[in-house]
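What follows is a set of notes on a single structure, which appears directly below.
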Amino acid sequence: MTLFDHPAFEGHESVNAFFDEKSGLKCIIAVHSTALGPAAGGCRMWPYASADLALEDALRLSRAMSYKNAMADIPLGGGKAVIIGDARTQKTPALFEAFGRAVDQLGGRYWTAEDVGVSPADLTHARRETRYVAGLEGHPAASGDPSPVTAEGVFRGVALSVRRALNRDLAGITVAIQGVGHVGAYLADKLHAAGAKLIITDTNAEALRAVAERTGAKVVSPADIFEANAEVFAPCALGGAINAETLPRLKARIIAGGANNQLATPEVGRVLFERGMLYAPDYVINGGGIINVAAEIAALEAGTSFDATWVATKLDRLTETLEEVMTRSIAERRPTHEVANEIAKARIAAAAEAKLAA
Ligand code: NAD
C-alpha cells in the first residue's frame, strides 16, 4: 500500500515527516485541507509502535479537524501533528524546539496547539522557533481554557436535541453525564441551572463529589451509567462510549455530549438511527473549543485582542448548523453523522473552488 492509497489519506494536501537527529524528534504533520484557512489541530505525543501507526493517526485526526473546523464555520482548515515518543520519559526542551522549527517550515499553513501528551509548557519551547502556536497564556490574544465554551455549545446542543426529539425544554428532563471533568462539570452546572435532573458518573471520586454537591445529581457507577433512566445520555469522558455492547443498554433516546469519537464505529451510528434515537454528532456539538482557539489565531494574525463577541456569534452559528444536520437527517432519512460528514465535505469543496476561482 502506498501513502496515496491509505484509507485515511482522503485528499490530504500534504503529509510532512520531520526528523531531527540531535533532539531525536520524529514527527508527522498532516495537512488535510487549507481551503477554509490555515490548517489547525493539536500536536499529540504518543509512543506509537510503528511509523505506520503514527501516520494513520495523523491522517485520521487531521481529516477529523478539517470536518470539525468546517462545521464550526471558522476560517481554519484541518491538520494534526504527531510526535513519536513517550511523553513521560522522552520530552525535552530541544525536542519541542525542533518541533517548532518543523511547524515553522510549513510557513503558516499549519497552526499547532496542545493535545494528548503535550502541555502548554512544552509549547513554550516550540514557540521560540515559530509563531504558529495557539494556546498562549497571559497574552491579549490568549483564548484560555476552552472547556467552558465547549460546554456552552454542548449545553445548547442538548437543549436543541430535547426540543427536536421530545418537544420539551430542559426543565424536568433527566440527563446522564458520563465523565464530569472539565467539560462534563461545566455542562452539569448549566443543565442544573436550566432545571434538568442529573445522573452522573466518573472514575474520579473527588470530581464526582464536587459536582453532586453543587447540583444534587444522583451518582452511579461507571458501569451503570448506560442503563440510567434518562432522556439524554451525554458522553463527556473518553471516545468509543457508544459501541455494540453499550448501545443495547441505553435507555436514553438522545445522545448528546462533549466527548470526541463517541461512536466506536460508523455502523453504530446507523443502528442508533434505525432505532429512532437522536445522535448529535460529536464533532459538531463539541466545536466550541476550536471556536475559542480560532478567535486566538485570528487575534494573533490581526495583532488584536481576543474577541469574545465573535466567539458568541460562532456558537450561535454552531447550533444552527447542528439543527441543519438534524433537519436533513429526517428529510433524507439518513443518520446524523453521515449528514454531518456530507455538509463538512461540501463546505470544504465550496471553499476550495472559491479559492481557485479567486
Ligand atoms: P477531562 O479529562 O477533564 O474529563 C474527562 C473525565 O472523564 C475525567 O474526570 C475522567 O476521570 C472521566 N473518565 C474517564 N474514564 C471514564 C469512565 N470510563 N467512566 C466515567 N468517567 C470517566 O477532559 P475534558 O477536557 O472534560 O474532555 C472530555 C471529552 O471532551 C474528551 O473526549 C475530549 O476529547 C472532549 N473535548 C474536550 C474539549 C475541551 O474543550 N476540553 C473540546 C472538545 C472535545
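For the reader, a short list of remarks on this structure follows.
- Qualifying residue in the stretch 205-214 (condition: over 21 Å from Leu318 (Cα atoms), open to solvent by 40 Å² or more (accessible area, probe 1.4 Å) and under 26 Å from the mean Cα position of the chain (by Cα)): yes
- Among the candidates Ala312, Ala264, Ala299, residue that is within 14 Å of the ligand (Cβ to nearest atom), outside the structural domain of Gly37 (by TED's automatic domain parsing) and open to solvent by less than 60 Å² (accessible area, probe 1.4 Å): Ala264
- Cβ-Cβ under 9 Å pairs, at least 6 apart or on other chains, the stretch 210-224 side among the polar types (S, T, N, Q), far side near the ligand (Cβ under 10 Å from one of its atoms) and assigned to a strand (DSSP E or B): Thr215/Ile200; Ser221/Thr201
- Scope the stretch 144-196; condition within 14 Å of the ligand (Cβ to nearest atom), open to solvent by 20 Å² or more (accessible area, probe 1.4 Å), in contact (Cβ under 8 Å) with a residue 60 or more places away in the chain and under 27 Å from Asp73 (Cβ atoms); matching residues: Gly144, Pro146, Val149, Glu152, Val183
- Considering residues of the stretch 267-296 that are away from the ligand (no atom under 13 Å from the Cβ) and of a type in the set (Phe, Trp, Tyr) only, the residue surrounded by the fewest Cβ atoms within 10 Å (Cβ to Cβ): Phe273
- Residues that are at positive phi, assigned by TED's automatic domain parsing to the domain that holds His337 and over 22 Å from the mean Cα position of the chain (by Cα) are absent from the stretch 229-243 altogether.
- Check on Ala234, among the aliphatic types (A, V, I, L, M) and more than 8 Å from the ligand (Cβ to nearest atom): yes
The values are calculated or read from the model by the stated rules, or taken from the named source; none is laboratory data. Given the structure is predicted, the values throughout are model-derived calculations rather than measurements. Glycine gets a Cβ as well: all are built from the backbone with ideal geometry, and neighbour counts include every protein chain shown. These accessible areas exclude ligands, DNA and RNA; they are computed on the full protein's heavy atoms, side chains included. Shrake-Rupley method; radii C 1.70, N 1.55, O 1.52, S 1.80 Å.
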